[in-house]
1. Which of the residues belonging to the stretch 425-457 are part of a helix (DSSP H, G or I) and buried (at least 19 other Cβ atoms within 10 Å of the Cβ)?
2. Residues LEU325, LEU307: which one is in a strand (DSSP E or B) and either open to solvent by 50 Å² or more (accessible area, probe 1.4 Å) or of a type in the set (D, E, K, R) (or both)?
3. Looking at the stretch 45-66 only, could you name the residues that are surrounded by fewer than 19 Cβ atoms within 10 Å (Cβ to Cβ) and either part of a strand (DSSP E or B) or of a type in the set (A, V, I, L, M, F, W, C) (or both)?
4. Could you tell me whether the stretch 255-265 includes any residue that is in contact with a strand residue (DSSP E or B) (Cβ under 6 Å, 6 or more places away or on another chain) and of a type in the set (S, T, N, Q)?
5. Among the residues of the stretch 390-406, which ones are more than 21 Å from ARG59 (Cβ to Cβ), surrounded by fewer than 22 Cβ atoms within 10 Å (Cβ to Cβ) and either within 15 Å of the ligand (Cβ to nearest atom) or within 12 Å of the chain's Cα centre (by Cα) (or both)?
6. Give VAL206, VAL150, VAL216 a once-over and let me know the one that is closer than 30 Å to TYR319 by Cβ, part of a strand (DSSP E or B) and away from the ligand (no atom under 12 Å from the Cβ).
7. Please give the number of the condition THR95 fails out of (1) more than 16 Å from the ligand (Cβ to nearest atom); (2) modelled with pLDDT of 95 or more.
8. For the stretch 21-44, which positions are farther than 29 Å from PHE281 by Cβ and open to solvent by 50 Å² or more (accessible area, probe 1.4 Å)?
Amino acid sequence: MSGPAFARLAAGNAARRTGFGSAERRAALLALAKAIRAHEAEIMAALATDLGKPETETRLTEIVPVLAEIRHTLAHLRRWMKVRRVLPTLAMLGTRARLRPEPKGTVLVIAPWNYPFSLALGPLVSALAAGNAAMVKPSELAPATSALIVRLVAAALPEDLVAVVEGGVETSTELLALPFDHIFFTGSPAVGRVVMAAAAKTLASVTLELGGKSPVILGPGADLKRAARMVAWGKFANAGQTCIAPDHVFVPRAQEAAFLTALRAEIARMYGADPRTSKSFARIVNGRHFARLKAMIDEARAGGAELAVGGEADAAARYLAPTVLTRTEATMAVSREEIFGPVLPVIAYDDLDALLGQIEAGEKPLALYLFERDRAVIEQISATTTSGALGVNITLAHYLHLNLPFGGIGNSGLGAAHGIWGFRAFSHEKPVLEDRFSSLGLLMPPYTGAKARLAKL
Ligand code: NAD
């Protein structure tokens, strides 16, 4: 099933080889944007089915980011595609050098279930902008959205330019054996390793957008109310099923009680006294993930953790209330694994330097968030920590800034997406070097006289 689709894309690529200029790429992106607008109601319905995602949240986190990526790309594409001259180095005087971005070829996009629409189509925008043919494999865990993506793409784009292949691990494994020129994977670090190993077989390049635990540090000069508001939004949007959601919060011990009070107030302000009835709170994607999260809470509580907020759970409705835990231990699953749900450990700390050392000793996070007013502390933490991105007095929003690269480092990913970085991920910047005056004779045998002397300089 995927073999013939791959062959169609490769043939399409060959046919377009010289003709897929900026006008054609723009037309493809405009057709995609038009189809997204035409399917808005269906997109909302699919995400309500898969994730109980509130309409406004679907607009803000699934539709708007893809349309913004298209708009941004249309505005800059001609410049990104330009062949750029570079100056000769001293040794290369007399040559002319240029950088020509060319499409990588036939590329594969594998998407996760948590933002199943935008994380499938966002990378597709960059792939098309860079002039590639693309195969997209949406997540099988968001089946309504996956089926919708098939219809939407078929309505907008020819099948020798984009193919959508549905399925789970088996399909993914089959796709990964095909000789793609680039694989853009968004998902867990564990599967990221599988993808990279498969890519080694065909020497495809990879972009890996992975996950992990993204900590929040409240510095000594944090504005607690602002931190509580940002953390509540960042953590409980999409019921915590966000790759860059604050995973856990470190708070100075003396401010723990005040922060918890502020957090409780913000959660109530956003989701009301009973978040179950809120029209703004999503559900857990499936029974397996619900059981995983419930087990995390139960284990933590059995081990002495305290429930500061929430804890209510309804398996049939896949509803898990915004939940805040205190007094968690490092040995608990909630401290070891990416939580990826509406469960937030708040951890009191005594010494900021020791805490930074502890964070640096762990896996490099996809996002690190710092709440602090003192410029010197902000600069110090910015200079001494490593993470995919650092958010200062903010959560999540760096994802929406298209002039910033989005990606991880180490365990949280490889390469970057969005804007020009997405375009580059799917391009090969081909150096073109031209000899203008037959000026390189000095490099050639026989190595005698002036040549031998020059080589010693
Ligand atoms: P996942 O790794 O389980 O699945 C992602 C995709 O890989 C799916 O399409 C799935 O079908 C496929 N897949 C699963 N197992 C596979 C295998 N053995 N071989 C080949 N393909 C396989 O991830 P998920 O559960 O869908 O998403 C959650 C994870 O994704 C979290 O870790 C989260 O942090 C991360 N994530 C990262 C970003 C980012 O932009 N960095 C965005 C969203 C989610």
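1. ALA425 - this is the single residue of the stretch 425-457 that is part of a helix (DSSP H, G or I) and buried (at least 19 other Cβ atoms within 10 Å of the Cβ).
2. Only one candidate qualifies: LEU307.
3. Hits for the stretch 45-66 are ALA45, ALA48, LEU60, VAL64.
4. Within the stretch 255-265 (the criterion being in contact with a strand residue (DSSP E or B) (Cβ under 6 Å, 6 or more places away or on another chain) and of a type in the set (S, T, N, Q)), the answer is no, since none of the residues qualifies.
5. Selection gives LEU404, PRO405.
6. Among VAL206, VAL150, VAL216, only VAL216 is closer than 30 Å to TYR319 by Cβ, part of a strand (DSSP E or B) and away from the ligand (no atom under 12 Å from the Cβ).
7. (2)
8. Applying the first criterion (farther than 29 Å from PHE281 by Cβ) to the stretch 21-44 yields 21-35.
Selection gives ALA23, GLU24, ARG26, ALA27, LEU30, LYS34.
The values are calculated or read from the model by the stated rules, or taken from the named source; none is laboratory data. Please read these numbers as outputs of a predicted model, since none were measured by experiment. All Cβ positions, glycine included, derive from the backbone under ideal geometry; neighbour counts span all protein chains shown. With ligands, DNA and RNA removed, areas are computed over all heavy atoms of the protein, side chains included. Shrake-Rupley method; radii C 1.70, N 1.55, O 1.52, S 1.80 Å.
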